[in-house]
Amino acid sequence: MKKNVFVFSRLAPEHLERLRAQFNVTVLDPKLGDVDAQYAAALPTAHGMIGVGRPLGAKQLAQAGQLEVISSVSVGYDNYDLAYLNERGIPLTNTPDVLTETTADLGFALIMGTARRVAELDAWTKAGQWKRTVDTPQFGVDVHGKKLGILGLGRIGAAIARRGRFGFNMEVLYHGNSRKPELEQELGARFCDFDGLLSEADFVVVVVPLSDATRKLIGKRELELMKPSAILINIARGQVIDEAALVEALQEKRILAAGLDVYEKEPLGESPLYALPNALTLPHIGSATHETRRAMAECALDNFETALRGERPKNLVNPQVWKG
Ligand code: NAP
């Protein structure tokens with residue numbers, strides 16, 4: 001008998017077809033109205049769930065008594081109540097590696113974009129303000145040769161550090177839970193304590209997972225430790241930075257600029273960030289290229305199908321619950 005699966009975010013038609021060939025598929029459709037009612041109808045018989053972008057914990061999953069796996073089409077898994085999944089013994093899979101280089105590209109785009117004020121000066125040019133040769137009001141700051149501080153030298157952090165070290169001759173500083181001797185060797189990276197990294201780096205790139213330990217990791221105190229000439233980049237999760245404190249720091253020019261892909265609340269909606277020329281704001285597009293979104297979906301499908309066959313999937317977030 002075919003198993004029942006619930007798709008809780010958009011999948012490309014070919015990926016839905018792939019699922020339909022193997023399972024009875026129900027797709028959540030917010031356009032049909034009451035999302036909770038759709039969960040309530042589908043979950044009691046669902047063996048698997050696949051998707052991204054919706055919080056999943058006891059509130060949504062209490063009725064999902066048959067659930068064998070949740071496959072997230074993302075590397076970050078802060079939307080899932082992991083303690084609850086562990087208690088229930090529900091395996092969760094994610095999509096590491098396939099999005100690393102693409103997200104690092106975007107991190108570097110934010111570095112370049114803030115330093116050279118790309119979006120701001122594009123708007124200025126198109127508004128007809130370019131009347132004579134530019135002067136100091138339009139100048140930016142150099143990227144090459146500067147100190148690149150990576151907060152979280154994991155997969156994506158290391159990929160950004162490589163771009164900085166080998167593409168832009170930057171000195172790499174990092175802070176994290178542990179030392180990374182191989183990356184220190186490869187990149188000449190220097191481990192710093194948290195405050196040391198903030199006060200020394202010209203670019204502070206935040207690329208840690210969101211957890212209780214990293215929520216509001218960067219607040220008023222941390223922003224005050226940064227140099228007035230420094231730039232903050234956040235491609236991790238919005239909640240890692242106290243956004244009100246950041247807005248204040250940017251308004252008062254206590255740091256030079258911020259490049260942001262993620263926000264405390266998404267979509268961003270009304271925000272004081274819009275009025276700030278020194279804030280470069282992108283709509284959470286770290287992994288959003290055609291190639292990488294396809295690769296992420298395929299990785300998530302591989303994990304999902306493997307787990308539903310009863311075999312151990314490649315990317316288990318909570319391997320301790322796998323009963324294989
Ligand atoms: P990863 O390989 O697990 O790397 C995370 C790094 O953060 C690890 O090096 C870890 O250090 C470090 N870390 C964890 N807790 C920390 C703390 N309290 N203080 C300092 N460092 C800490 O993950 P990844 O694949 O690089 O992804 C990182 C995050 O990026 C994801 O969780 C996701 O939220 C975000 N992301 C965003 C986008 C986007 O669209 N903007 C796209 C992809 C990913 P240790 O190794 O020492 O534990």
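Residue under question is ARG221, and the condition is that it be of a type outside the set (Gly, Ala, Ser), without any contact (Cβ under 8 Å) to a residue 24 or more places away in the chain and either near the ligand (Cβ under 10 Å from one of its atoms) or out of contact with any strand residue (DSSP E or B) (no Cβ under 6 Å at 6 or more places or on another chain) (or both); does it hold? Please lay out each step first, then the result.
Working: of a type outside the set (Gly, Ala, Ser): yes; without any contact (Cβ under 8 Å) to a residue 24 or more places away in the chain: yes; either near the ligand (Cβ under 10 Å from one of its atoms) or out of contact with any strand residue (DSSP E or B) (no Cβ under 6 Å at 6 or more places or on another chain) (or both): yes.
Yes.
Just one of the numbered conditions (1) in a loop (DSSP other than H, G, I, E, B); (2) within 13 Å of the ligand (Cβ to nearest atom) is not true of LYS253: (2). Among the residues that make up the stretch 66-81, is at least one of them touching a helix residue (DSSP H, G or I) at 6+ places or on another chain (Cβ under 8 Å), surrounded by fewer than 16 Cβ atoms within 10 Å (Cβ to Cβ) and either under 27 Å from ILE231 (Cβ atoms) or not small (Gly, Ala, Ser) (or both)? Yes: one or more hits.
Only one of the numbered conditions (1) crowded, with 20+ Cβ neighbours inside 10 Å; (2) over 26 Å from the mean Cα position of the chain (by Cα); (3) among the hydrophobic types (A, V, I, L, M, F, W, C); (4) over 19 Å from ARG309 (Cα atoms) is violated by ALA37, and that is (1).
Conditions tested, residue by residue: (1) assigned to a helix (DSSP H, G or I); (2) of a type in the set (A, V, I, L, M); (3) touching a residue at least 60 places away in the same chain (Cβ under 8 Å).
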residue: LYS59; (1), (2), (3): yes, no, no
residue: VAL98; (1), (2), (3): no, yes, yes
residue: LEU110; (1), (2), (3): yes, yes, yes
residue: VAL143; (1), (2), (3): no, yes, yes
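For the stretch 224-240, the tally of residues that are in contact (Cβ under 8 Å) with a residue 60 or more places away in the chain, part of a loop (DSSP other than H, G, I, E, B) and either buried (at least 16 other Cβ atoms within 10 Å of the Cβ) or under 13 Å from the mean Cα position of the chain (by Cα) (or both) stands at 3.
No lab work stands behind these numbers, since they all come straight from the coordinates. All of these numbers come straight from a predicted model, not from anything done at the bench. Methodologically, a virtual Cβ is constructed for each residue, glycine included, from the backbone with ideal geometry; neighbour enumeration extends over all protein chains shown.
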